[in-house]
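Okay, so here's the structure we're looking at.
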Amino acid sequence: MAIQTRDHDVKDEEAGRVDRLVAALVSMSRGQVRGLIAAGGVQVNGRACADPGEAVTPGDHLTLRFDPARRYREPPPPRST
């Protein structure tokens, strides 16, 4: 399936964690959204989002690029040495 691009401006009632908002916008689990973020598929105000817990505020602009047929996997936690 083709890559989809979605643009979204954050509304007052949507402010909060970026992973929660993206999960609601594209009907993915938050784990899959964390995988999408790790794959570089989420931008906030034109810059790549690296932190699923990043706060978005009203007026922020999200750009999502994803393949709806792909199962994005959450990256494993970093190993402690």
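The values are calculated or read from the model by the stated rules, or taken from the named source; none is laboratory data. Quantities reported herein were computed from a predicted structural model and do not represent experimental measurements. Note: ideal-geometry Cβ built from the backbone for every residue, glycine included; neighbour counts use all protein chains shown. Just so you know, the surface numbers come from the protein's heavy atoms only, side chains and all, with ligands and any DNA or RNA stripped out. Shrake-Rupley method; radii C 1.70, N 1.55, O 1.52, S 1.80 Å.
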Between the residues G53, A38, L25, the Cα farthest towards the positive end of the dipole of the chain, that dipole coming from +1 and -1 charges on the beta-carbon of Lys, Arg, Asp and Glu, is from A38
Three semi-axes of the equivalent ellipsoid, the chain, Cα gyration tensor, whole Å, largest first: 20, 16, 11
Linear extension gain, T81 paired with D12, 0.36 nm per residue minus alpha-carbon span: 20.6 nm
Run the helix sum for the chain: -39,500 (n - 2.57) per DSSP H stretch of 4+ residues, divided by residue count, reported at 222 nm to the nearest 500 deg cm²/dmol. -6500 deg cm²/dmol
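Give me the dipole magnitude in Debye, nearest 20, for the chain about the Cα centre, with unit charges on the beta carbon: positive for Lys and Arg, negative for Asp and Glu. Before the final figure, lay out the partial values.
On the way: 12 positive and 11 negative charges, 99 e Å.
It comes to approximately 480 debye.
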I'd like to check one number: the per residue accessible area of the chain, probe 1.4 Å, reported in Å² as a whole number. 63 Å²
